[in-house]
Amino acid sequence: MAAALAAVMAVTALAQDFGVRLKASDNDGEPEIYATCRLFTAADSLHAFKAGLTDSLGVFSAPLPAAGRYILTLEPAGTSKAVRKSFTVSADEPVANLGDVIVGGMEEALKEVTVTAQRPLVQKKIDRIGYDVQADPDSRTVTLQDMMRRVPLVAVDAEGNITVRGSSNFKIYRNGKPSTSLTNNAKEILAAIPASMIKSIEVITEPGARYDAEGIGAILNIITVDNSTINGVTGTASVRMDTRSFTPSPNLYITSQIDKVTFSVYGGLHANPARGNKSTSTTDILYADGRRMHTSGLSTSEGIFTWFGGEASWDINKHNMIAAEFNGYYYTGKPRANAMLNSLTAADGSVISSYTSTTMPLRSHNTDFSGTLSYEHTTANAGEALTASYLVSTTDSRSRAGQVYTDVVGTLFPYTSDYSLSKSNFIEHTFQLDWKRPFAGIHTLETGAKYIMRRNRSKADHEYEGWENTHTDFRHLTDVGAVYAQYTAAIRNLTLRAGLRYELSRLKAEYPDGSQSPFSKTLSDLVPSASLMWQINQVHSLTANYAARINRPGIEYLNPERTYSPTTLSYGNPDLSSAFANSLKLQYAFMKMKLMFNVSASYSFNNDNIAGVQFVNPEGLRVSTYDNIGHERVLSLGGFVQWRATDKTAVMANVTVDRTSYRQNGMRLAKWGPQIFMRVSQELPWKLSLSGMFMFMGTRVNDVYSYMEAKPYERFGCMFDLRRSFLKENRLTVSIGVANPIGRKNRTFRTYTVNGDFTGQSAFTIHNLRMATLSISYRFGSLKASVKKTSANLGNDDLMGRGSSREQGSTATQSTTGGM
C-alpha cells in the first residue's frame, strides 16, 4: 500500500510543471496572512477549480494543470471583496510570479473587479456545523452520498449506511422540513441525488426552542441550491450497478423555470433481488431452569423501492413568496421460502421439542407521502420574515406474513401454521406560524406557534391453524399545541441563544373492536434550551449547550396486538407516556482552510425512557413489550479532523467513543464503544480522482439485556473509488469502485444477552459484502436556478415507531435554518 501511494504521489509530482506564486501585503507592508486565493480558468470564471490560503508570510503558491490563461482572486480575511489578477503560463514561462500584491485598504484597487466571497467548506455556528457543498469543486461530478462522507460528524460506510456522531438515531430534513422518505431510505436516495443540486449540508447537533421538544438528538438538514433565472431545462440522469445484485438503479433529477415559477422533479428506482440480500443466523438461549433453545437457518428476501419528489416556488413580488414541496416512496418486497431449524432441550440434554419453520413467500407493501405548502412575507427590515406553513404526512403499510411448521417433535405448541395480515395507517396534519425579527444589529427574536393533529390506526388478523384466530383494531390519536420564544444575541466574540417552549398534548386510545375501554391523558411540558459560543478569534471557538428533548411513543410501541410464535410472545403497551431527556455538551473548534478539527464531550441522561421489557411467562414463552422504566446514561467523546495535506491530497477522519449505560428493574449494562471513519482522496493526472474510505465499528449496547459486537477483523470495512469526468464542463462522470476488498466477504455480528430471565448469544452473518460498483451520470442543461425556499422550517422530530416497514432508526436558503 505504501509503495502504491508513493508511486501515485510521484506521478502526480511529475505532472505539476506549471504553477503560480505571489506575496500578499497590506498598505503598511505587513504580510496579509490567511487571505483566500481562488484559481479559475479563463473559460470559466464562475467556478474555482482550486482554493487556498496565504501562509504566515503572506505567500501563496499552487500548481496548475496545464499551460493556458488563468484568473486568480485574492480576498483578505474578514472582507466580502476580492482583487483579481489575470495571467498566462506556457512552456517558456511555466511559473507565473505575480510578485507583491497589496490588498490592505485598497479602495481604488477594488474597483478593478469585485466578486462575492465564497465561504470555507466547513462553517461552525452556535447550534450546527455546515458543509458548503457548492464551494467543493467535486460537487459538480459526485452524488450527495459521496458528499455526505466529507461532512463533519457524519460517517457513511461502504454499504451506504449513515451514522451521526456514531449513532443512527437522527432524522433527515430537506430544506428545513422533515423527509420520511430520506430518513427511512437514505442509502438508496442519497446515492441518486447529484451533489450539484445541493447548496449545503447542516448537522444540527443542538436543536433549539423552535424545533419540536419531542425528537432525536441530531438533524441532517439538506439545503438545495438557490439563485435566480434559467431558460429551458437542466438536470442529471444517472445509473448505478453492483456485483452483489447485478441490477441497475436508474435516477433522474430535473429543474426548470417558467416566468416567476421555478420547479424541480426527481425520482428513482432500486431493485434488490434475493441474490443480493442473503444472510444466515444462529441463536442459542439458556433459560434460568436449565433449558436450552437453539435456532439456525438461512434467510433471503427481495424487494423493489421507488422514490419520487418535487418542489416549486413562486415569487409573487419582492416581499412575498409561496413554496411547495412533496416527496415519498413506495416499497414492495417478500421473503423467499426460508427454513429455520429449532430445538429445545432439557438441562440433561434430552429433547423437549424440535421443528422446522418455513417462511411463506408473502408480499408486503409500504407507501409514504409528505407534502408542504409555505407562504413567506419579508419586510424592509433586513432579516425579518413571517412564515405560515402547512404539512401533511401519511404512511400506509400492508404486511402479510406466515410460517409453516413441519417435522414437529414434542407438543410445544398446538398449531401447524400461522398467517397474519396487518394494516397500519398514519396521517399527520401540521399548521405552523413563525416570526423572526433582528433588531439593533446584534439581537434576534424568534417566536411562533404550532398545532399537530396525528392519527394512527392498526388492524391485524392472525390465523393459527388448529388453534385459534385473533383480531385487533387499535386507534391512537395525538393532538399537540405548542408555542415558543427564542432570543439570540451576538455581542463581539460572544453569541448567546436562550429559548423556551411550551407543549400541551392530548393522547387518546380507542378500540373499535371493543376489546378494551378507551382512555386518554393530557400532558404538559415546559422545555428550556440554552447555548453559548465564544469565538476566541477567527480560528478558535468554544461552545456550550444544554437541551431537553421529549420522545412520544408511536403506534408500534402502543399497539396491544399480541403476536405469537412457538417460543415467543410480543405486544405493545397502550399505557406508555412520553419520555424526557436532558443533555449537556461542550465543544472546541479549530478552523483554517487547510486544517480543521473539532473535539466535543457530551452527557445525556433519561430516567423514564421507553424501554424494552423481556421476561419468561408461566407458559415458558419469551415475552417482549415496553414500559417507561428505562434509566439511560450516555457519555460521548468525539473528534473530527479535515486536513488538506497538499493541493491534491485530502484526509478526513471522524472518531466517536461512547459509554452507554442502561439500568432498569435492578439490572444494569454498560459498555464503551468506538466508531472510526476515515477518508483519503487523491487527485491524479488525466482528470482522475481516487478515494479510499475506512471504517471501524466497536461494541454497541442495544438495551439493558444485550450488546452487539464482532470479531476485530470483522469490525473493519473499506471502499475504494476511482472517478473520471468527460465531455465539456465535465458533464459525463464515470465511477468504478470496490467495497471490502480486504478481509472476509461475509461478516458475522454477535449479540450477547446477559441479563434477564434468559441469557445466550445469537450470530447474524451478512453475505457478499465484497463487491464492485459502477456509476454513470450525465448532467444536461445549464444550472443557473433552483427552487427557492421559505426561511422558516416545518418539522416534527418526535415519533418513535411510526409504522414504516423500512424504518432505520420554511425551508432554508440561509444557514440559519431551524424547525419548530
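The values are calculated or read from the model by the stated rules, or taken from the named source; none is laboratory data. The structure displayed is predicted, hence computed values, not measured ones. With ideal geometry, Cβ positions are generated from the backbone for all residues, glycine too; neighbour counts draw on all protein chains shown. Remember, those area values only see protein heavy atoms, side chains included, never the ligands or the DNA or RNA. Shrake-Rupley method; radii C 1.70, N 1.55, O 1.52, S 1.80 Å.
Restrict the check to the range 425-438 and report whether at least one residue is closer than 26 Å to Asp396 by Cα and open to solvent by 80 Å² or more (accessible area, probe 1.4 Å).
Taking the range 425-438 as the starting set, the residues that turn out to be closer than 26 Å to Asp396 by Cα are 425-432.
Imposing the further condition that a residue be open to solvent by 80 Å² or more (accessible area, probe 1.4 Å) reduces the set to 431.
Yes; the residues of the range 425-438 include at least one that is closer than 26 Å to Asp396 by Cα and open to solvent by 80 Å² or more (accessible area, probe 1.4 Å).
Pairs please, first residue from the range 347-373 and among the charged types (D, E, K, R), second anywhere and assigned to a strand (DSSP E or B) and surrounded by fewer than 14 Cβ atoms within 10 Å (Cβ to Cβ), Cβ atoms under 8 Å, 6+ apart in sequence or on different chains.
Hits for this filter: zero, empty list.
Looking at Gly290 and the list (1) small (Gly, Ala, Ser); (2) assigned to a strand (DSSP E or B); (3) modelled with pLDDT of 85 or more, which single condition is not satisfied?
Gly290 satisfies every listed condition except (2).
Filter the range 248-272 down to the residues that are on the phi < 0 side of the Ramachandran plot, over 25 Å from the mean Cα position of the chain (by Cα) and not hydrophobic (A, V, I, L, M, F, W, C) and list them by number.
Ser256, Gln257, Lys260, Thr262
Restricting to the range 221-238, what's the tally of residues that are at pLDDT 80 or above, buried (at least 17 other Cβ atoms within 10 Å of the Cβ) and among the aliphatic types (A, V, I, L, M)?
Here is the first cut: in the range 221-238, the ones at pLDDT 80 or above are 221-223, 235-238.
If we keep only those that are buried (at least 17 other Cβ atoms within 10 Å of the Cβ) as well, we get 221-223, 235-236, 238.
Checking which are among the aliphatic types (A, V, I, L, M) leaves us with 222-223.
Residues meeting the conditions: 2.
Each row is one residue, and each column tells you yes or no for (1) closer than 29 Å to Thr765 by Cβ; (2) open to solvent by 20 Å² or more (accessible area, probe 1.4 Å); (3) in contact with a helix residue (DSSP H, G or I) (Cβ under 9 Å, 6 or more places away or on another chain).
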{"position": "Arg668", "(1), (2), (3)": "no, yes, no"}
{"position": "Arg679", "(1), (2), (3)": "yes, yes, no"}
{"position": "Leu684", "(1), (2), (3)": "no, yes, yes"}
{"position": "Phe694", "(1), (2), (3)": "yes, yes, no"}
{"position": "Asn702", "(1), (2), (3)": "yes, yes, no"}
{"position": "Pro712", "(1), (2), (3)": "yes, yes, no"}
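How many residues does the range 729-753 hold that are part of a loop (DSSP other than H, G, I, E, B) and either over 22 Å from Arg240 (Cβ atoms) or aliphatic (A, V, I, L, M) (or both)?
Start the filter on the range 729-753 by keeping residues that are part of a loop (DSSP other than H, G, I, E, B), which leaves 731, 740-746.
In the following step, the residues that additionally are either over 22 Å from Arg240 (Cβ atoms) or aliphatic (A, V, I, L, M) (or both) were identified as 742-744, 746.
Here the count works out to 4.
Could you tell me whether the range 737-745 includes any residue that is among the β-branched types (Val, Ile, Thr), farther than 27 Å from Arg140 by Cα and in contact with a Cys (Cβ under 9 Å, 6 or more places away or on another chain)?
Initially, the range 737-745 is screened for residues among the β-branched types (Val, Ile, Thr), giving 738, 742.
The next check asks that each one be farther than 27 Å from Arg140 by Cα; those that pass are 742.
Keeping just the survivors that are in contact with a Cys (Cβ under 9 Å, 6 or more places away or on another chain) gives 742.
Yes, some residue in the range 737-745 is among the β-branched types (Val, Ile, Thr), farther than 27 Å from Arg140 by Cα and in contact with a Cys (Cβ under 9 Å, 6 or more places away or on another chain).
Residue under question is Thr751, and the condition is that it be touching an Asp or Glu at 6+ places or on another chain (Cβ under 9 Å), modelled with pLDDT of 90 or more and open to solvent by less than 20 Å² (accessible area, probe 1.4 Å); does it hold? Explain how you work it out, then say what you get.
On the way: touching an Asp or Glu at 6+ places or on another chain (Cβ under 9 Å): yes; modelled with pLDDT of 90 or more: yes; open to solvent by less than 20 Å² (accessible area, probe 1.4 Å): no.
Taking the combined requirement at face value, the residue does not satisfy it.
For the range 386-420, which residues satisfy the criterion of being open to solvent by less than 30 Å² (accessible area, probe 1.4 Å) and either more than 30 Å from Thr447 (Cα to Cα) or modelled with pLDDT under 90 (or both)?
Those that are open to solvent by less than 30 Å² (accessible area, probe 1.4 Å) and either more than 30 Å from Thr447 (Cα to Cα) or modelled with pLDDT under 90 (or both): Thr395, Ser397, Gly402, Tyr405, Phe413, Tyr415, Ser417, Asp418, Ser420.
Residue check: is Tyr546 touching an Asp or Glu at 6+ places or on another chain (Cβ under 9 Å), of a type in the set (Phe, Trp, Tyr) and either at pLDDT 90 or above or not in a loop (DSSP other than H, G, I, E, B) (or both)?
Values: touching an Asp or Glu at 6+ places or on another chain (Cβ under 9 Å): yes; of a type in the set (Phe, Trp, Tyr): yes; either at pLDDT 90 or above or not in a loop (DSSP other than H, G, I, E, B) (or both): yes.
The answer is yes for Tyr546.
Could you check Ala650 against (1) farther than 24 Å from Ala763 by Cα; (2) at pLDDT 90 or above; (3) among the small types (Gly, Ala, Ser) and say which number it fails?
(2)
Tally up the residues in the range 25-45 that are hydrophobic (A, V, I, L, M, F, W, C), within 34 Å of the chain's Cα centre (by Cα) and in a loop (DSSP other than H, G, I, E, B), please.
1
Here is a list: Ser762, Ser775. Which entry is outside any loop (DSSP other than H, G, I, E, B), within 22 Å of the chain's Cα centre (by Cα), at pLDDT 80 or above and not basic (Lys, Arg)? Show your work before the answer.
Working: Ser762 fails: within 22 Å of the chain's Cα centre (by Cα).
Checking each option against the conditions leaves just Ser775.
Give the residues of the range 549-558 that are assigned to a loop (DSSP other than H, G, I, E, B) and either open to solvent by 20 Å² or more (accessible area, probe 1.4 Å) or among the basic types (Lys, Arg) (or both), sorted by residue number. Walk me through it before giving the result.
The initial filter retains those residues of the range 549-558 that are assigned to a loop (DSSP other than H, G, I, E, B), namely 552, 554.
Across the range 549-558, the qualifying residue is only Arg552.
Can you find a residue in the range 327-339 that is modelled with pLDDT under 85 and either part of a strand (DSSP E or B) or open to solvent by less than 50 Å² (accessible area, probe 1.4 Å) (or both)?
Yes, that holds for at least one residue.
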